[in-house]
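**Student:** First the structure, which I've put down as structure tokens, then a few questions once you've had a look.
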Amino acid sequence: MSITDSILLGIIQGITEFLPISSSGHLVILQDLMGIETQGVFFEVVLHFGTLVSIFLVYYSDISEMFKEAFGLFNKMLKARFNGTQLTEYESLILYIVAGSIPTAFIGFVFEDYFEKMFSSTHFVGLMLIITGFMLMLSRRFVNLHKNFENMSLFDAIVIGSFQGLAIAPGISRAGSTIFASLFRGLKREKAVKYSFLLSVPAVLGANVFKLKEITQIDIKPMVLIAGVLTAAVSGYVVIKVLTKILKQGKFYLFSYYCWLLGITIILMKILD
């Protein structure tokens, strides 16, 4: 793989990770069309680290507040004197990110081998993109959006985290599925975006740590990896800003048409190939 390939994949990763159109699905499609060999899932995981950097840049103040209030939450838990109404906004956010990460980790760990096999099937990616499109279109029907982080429930977090776990499958958008699930559970639009992106932090960090054991088996030059990470971070930062505005305007569902068109096109191309 060349630096040019890495930059191209990094840009695609940054754009598609936060738009609800599946970054993993696009990477599979692009690699298949251009004949780019990334030597397994390791490179995709590294690119996700680049988009993780963009989340830290956009939500730096929120993440800082979460670290500051983490001790307060831990103290309340030790003394067993907290409930949903007593937690601050950031204490609630910490609790529900942890809760939402549990089903994600479980699904990823149990079905890791099965999901990795899907990365070699563009037919499957096309089908999953079509399913993503239906989720996005359905999201426009959710109008009773009243919840902030303080009045979320553990069940809300588990539902959203489960959708994030299913998004390990290429073609199912992580951002699309978690925002869909957040809106389904009644989170306000701006809270749904923030929770979706912050919930991805433990999942991406965990995937990177888990894949570190493969680094000695990968024959990719360090500069190639760095180029992909940097371009993913920069493009991801821009797209987060854009998507937040789109969701506030209630136009999230418009991405469904793109997912349907791409998914159907891929399936037809493979059938006719």
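**Student:** So how far, in whole Å, is the C-alpha centre of segment 180-209 from the one of segment 238-264?
**Tutor:** With segment 180-209 and segment 238-264 each reduced to a Cα centre, they are spaced 16 Å.
**Student:** Listed here are the pairs Lys68/Lys245; Lys147/Lys245; Lys117/Lys221; Lys241/Lys270; which of them are more than 31 Å apart at the Cα?
**Tutor:** Pairs exceeding 31 Å: Lys241/Lys270.
**Student:** Short version: what are the Cα gyration tensor semi-axes of the chain, square root of 5 times each eigenvalue, largest first, in whole Å?
**Tutor:** 31, 22, 16
**Student:** Please list, in chain and number order, the residues 5+ apart from Leu187 or on another chain whose amide H is under 5 Å from its amide H, with Hs placed from the backbone.
**Tutor:** When sequence neighbours closer than 5 places are left aside, the close amide H contacts are Lys147.
No lab work stands behind these numbers, since they all come straight from the coordinates. Treat the numbers as computed from the prediction; the structure is a model and nothing was measured.
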